[in-house]
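Colleague: Mind looking over this structure? Questions follow.
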Amino acid sequence: MSWNLQYRTSKFRHVYGRPASKEKCYDCVPITHNVHDNQFCAVNPHFIAVVTECACGGAFVVIPIHQTGKLDPHYPRIWGHRGNVLDIKWNPFNDFVIASCSEDATVKVWEIPKPLLTKTITSPKKELLGHVRRVGLIEWHPTANNILFSSGYDYKIMIWNLDTTKTVISNPVKILNAHRDVVLSMSFNTDGSLLATACRDRKIRLIDPRAGTVLQEASYNSHKANKVLFLGNMKKLISTGTSRWNNRQIALWDQDDLSVPLLEEDLDGSSGILFPFYDSDTHMLYVVGKGDGNIRYYEISPEKPYLYYLMEYRSHLPQKGMGMMPKRGLEVSACEIFRFYKLIPTKSLIEPISMIVPRRSESYQEDIYPLTTAAQPALTAQEWLNGVNKGPLLVSLRPGSGVVNSLPQFPEPEPLAKTADLSQHHGWGGRMPLEDMQEPNEIEHRRKLLRVEEKLPKNEQMCLSSSFDIFECPPPKTENELLQMFYRQQEEIRRLRELVNQRDVQIKQMKLESGNFSMDTDSY
């Protein structure tokens, strides 16, 4: 384990897992017994989809997220594949569209009726025909609308553009022939410009999906990767697999150099595969073992030692797969930062597990809920195919908030220079030393400003408030300028809060010193 003896402060040091009560679980769900190494579960704020056992063909069930308790044995299903369903994924921009792939070498896209699922659906919205062997993985593009990736046992990855009126699509827009064996895992970076894959030939590849070229390839013999995952904007990858001695292992990689991992860590000697889940908002990594009931979670840092072990959730019930609720479906009033849906086939049960940050206040905790990915696409399918890259749109989880903007990864230089100038002169962005804040000359200057403001008319007082002249700083003209100004204001608020906390500590210290001094004088 990554036990670090030095003291390190963290808001997530005491995060704990809280399983749902029996009434809030999903009971009597015929979970599939397929041995394929996938999660067999997909969740969004409206539905939970689970691959089920069936007499012939392949099927999965879609349950409304609030319909807990026992499931009716005759509950309608999505039943259209001729072989076992191997993977299902919800469209990240439409909570009523789901894609599935199967052993019958097809990928199908389904539309869930908005009132409720009243009868079994057998006709898909779209059918994708191109693979010649069974299809084991599917992934939606993270920022472009209607772009779907599929990987089959024919060693090919196909890119599909669903932005068409055709019901049956037999020609993918791109075929990636970069692998010589079965692809076990696929993961996108934040803007979807890079694709990382783990293959059965023990290699991790970093691919430009539009050009079809392999940018980096890792062939490290001491680590056999099964799953690979991008770590947000950190330019790092995490992989899970086995070591040379068949111990379960996690490895951290630099995106620009896959020759040697930055970190390797053995976990245990179990045989089940490890599923990694990463929360880019809190920088927390969750590692879930198939066949055991444990969930290990870590905090990722961009600097050494990179990986900090936090805690482990333990249960005696083994899990076959895990679903993950998107951030916009969490209960922020309970300080919930992550939620799993654990598949327990031995009891035909789906158990929600909430990861909670212990806080006494029930108000919105802004420090643990930064801006997160919204449910709107940043690009159209054709824009992405033409070479445009754009980060995801962001949204605040505060109740009543809307979409803010995409990540300012490539800001315009001139407005940034101007706002940086203003932050230096007016104190918007940079931190001010505590000694400067305590200068008596500055305090006297503030008092004089207040006296002058009282004598001035109201329309002239605006220029002197907070030492900031609104006529020297025109309103922002672009979205990037507005977003940068918003971030600087948030940073200033955080700085002032820290300053207030420091003042409170100083006051308490002065009270203690004065009490000790009075006790000393009394003793004399």
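Colleague: For an R0 of 30 angstrom, estimate the FRET efficiency from the Cβ-Cβ distance between Asp27 and Lys125 and round to the nearest 0.05.
Modeller: After rounding to 0.05, the efficiency reads 0.50.
Colleague: Straight-line reach from Lys508: which lysines have Cα under 28 Å away, leaving out those fewer than 8 places along the same chain?
Modeller: Qualifying lysines at Cα under 28 Å: Lys11.
Colleague: Can you give me the relative contact order of segment 143-223 as a percent, contacts being Cα pairs under 8 Å and 6 or more apart?
Modeller: Relative contact order, segment 143-223: 20 percent.
Colleague: Next up: Would you please give the residues with an amide H less than 5 Å from that of Cys25, counting only those at least 5 places away or on a separate chain, with H modeled from the backbone geometry?
Modeller: HN-HN under 5 Å from Cys25: Gly69.
Colleague: Moving to a separate point now. At 1.4 Å probe size, with no ligands or nucleic acids counted, give the accessible surface of Met284 in Å², nearest ten.
Modeller: 0
Colleague: Next up: What per residue convex hull volume, in Å³, comes out for segment 16-373 when only alpha-carbon positions are used?
Modeller: Convex hull of Cα atoms, per residue: 136 Å³.
Colleague: Next question. Where Lys and Arg each count +1 and Asp and Glu each count -1, what net charge lies around Glu217 among other residues with Cβ under 14 Å from its Cβ?
Modeller: Net charge around Glu217: -2.
Colleague: For Lys22, give me every one of the lysines with a C-alpha distance below 29 angstrom, ignoring sequence neighbours fewer than eight places off in its own chain.
Modeller: Filter leaves Lys70, Lys89, Lys114, Lys119, Lys290, Lys320, Lys327, Lys342, Lys347.
Colleague: Please list, in chain and number order, the residues 5+ apart from Asp268 or on another chain whose amide H is under 5 Å from its amide H, with Hs placed from the backbone.
Modeller: Distant-sequence amide H within range of Asp268: Arg248.
Colleague: Whole-Hz Karplus ³J(HN,Hα) for segment 269-282, in order, using 6.51 cos²θ - 1.76 cosθ + 1.60 and θ = phi - 60°, x for Gly and Pro?
Modeller: x, 5, 9, x, 6, 9, 9, x, 10, 10, 9, 6, 6, 9
Colleague: Please report the relative contact order for segment 16-373, taking Cα pairs under 8 Å with a sequence separation of at least 6, and give it as a percent rounded to a whole number.
Modeller: Once normalised by length, the contact order is 13 percent.
Colleague: Next up: In whole Hz, what ³J(HN,Hα) sequence does segment 168-177 give by Karplus (6.51, -1.76, 1.60; θ = phi - 60°), x for Gly and Pro?
Modeller: Result, rounded to whole Hz: 10, 10, 10, 10, x, 6, 7, 10, 9, 10.
Colleague: Given the whole protein assembly as supplied and a 1.4 Å probe, what does the accessible area of Ile356 come to in Å², nearest 10?
Modeller: Surface accessible to solvent at Ile356 totals approximately 10 Å².
Colleague: Separate question: Go through segment 184-198 residue by residue and turn each phi into a ³J(HN,Hα) via Karplus (6.51, -1.76, 1.60, θ = phi - 60°); whole Hz please, and just put x for glycine and proline.
Modeller: Ordered by residue, 3J(HN,Hα) equals 9, 7, 9, 8, 9, 7, 4, 9, x, 7, 10, 10, 9, 10, 10 Hz.
Colleague: Let me ask something else about it. Quick one: which residues, 5+ away or cross-chain, put their amide H under 5 Å from the amide H of Phe47? H built at 1.01 Å from N.
Modeller: Ile65
Colleague: Give the distance, in whole Å, between the Cα centre of segment 333-371 and the Cα centre of segment 202-272.
Modeller: 28
Colleague: If you don't mind, another one. Heavy atoms only, probe 1.4 Å: what % of the accessible area of segment 16-373 goes to carbon and sulfur, would you let me know?
Modeller: 47
Colleague: Ignoring ligands, DNA and RNA, what accessible area per residue does segment 16-373 give at 1.4 Å, in Å²?
Modeller: 40
The values are calculated or read from the model by the stated rules, or taken from the named source; none is laboratory data. Bear in mind that the values here come from a model prediction, so they are computed numbers and not experimental data. Neighbour counts run over all protein chains shown; Cβ positions are idealised from the backbone, glycine included. Protein only, heavy atoms only, side chains kept; ligands, DNA and RNA dropped before computing areas. Shrake-Rupley method; radii C 1.70, N 1.55, O 1.52, S 1.80 Å.
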